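The structure under discussion appears below in the form of structure tokens.
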Amino acid sequence: MAMRIMGRLRLYGAVAAVLTAGAFAIAAFAAPHPRFADRGPNAVPVDVELVLAVDVSYSMDPDEQALQREGYIQALTSKEFLTALREGANGKIAITYVEWAGQSDQKIVMPWRLIEGPESAGAVAAEIANAPYRRASRTSISGALKFAQPLFDHSGYRGLRRVVDVSGDGPNNSGDPVVPTRDELIKAGITINGLPLVLKRSNFGMMDIEHLDTYYEDCVIGGPGAFVVPIKDRAKFVEATRTKLILEVAGRQPEAKVLPVSADKPRISCMIGEKLWQDRWGGGMDFDAR
């Protein structure tokens, strides 16, 4: 079955495009975490419980927000995604869609939903599409992760894997530091994947940083099979999102990407967002910010 998934993933145009651009070869299945085995007799078995955690801070301009959401809508209804879904051990996944900004600003846009075929995938995509857009202050990746962790405990599903998929366009600048929060989720058996939007030129005055993908690799992602799929071209936004979702459903990772380095030896400071905020505003004053 693994070879069949590998072959089909390589054939599809969206995956091939990202493979060509970033050499995203497919690695082995991530091992299920033993803590997920017993979730009660009524829990529905699925291949993955997936939290889509989407940045809606003010640094996300309306075009980026629309692209971000459209990427997931098209990915969930694509032939490639539905094929990967069918190839899973259970042929089902559970998914919830969360928007986040500052330390205490998280909202469940779509509660847990089961996807088991084209009809349910279409219904989930429509529910996401019909949700109103919103924007809010600050960027707290740690807040998003803290909010996401307990969502699994009452999902009603029993996944072979639990994954939080974080997408955003800037570093953590609000709430707790991101590294210890990330490590807390990893200890609980949760994998964190990243979809950093690297679409703007670095602008420290606007809280943007260079090498946001490196920051995500070293400071945000972690756990079994964790990976980053950076988006550096608006024209490839939907393709990259679809590829990432397929890899998550199939329990695979881009072989060319490495797991995050040790927190004490990051290639980029994991506190860079907090430092930029302090340098700009001082004293943590909560202005309209990124």
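Computed from the coordinates by the stated procedures, all read-outs in this text should not be read as laboratory data. All values reported here derive from a predicted model rather than from experimental measurement. Here the Cβ is made from the backbone with ideal geometry for all residues, glycine too, and neighbour counts use every protein chain on show.
The figures follow:
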| read-out | value |
| --- | --- |
| Protection proxy ranking of 142-152, 108-118 - average other beta-carbon atoms within 10 Å, highest first | 142-152, 108-118 |
| Cα gyration tensor shape for the range 43-88, rounded if a/c is under 1.5, else prolate or oblate | oblate |
| Exposure proxy ranking, count of Cβ atoms within 10 Å, fewest first, for THR139, THR243 | THR243, THR139 |
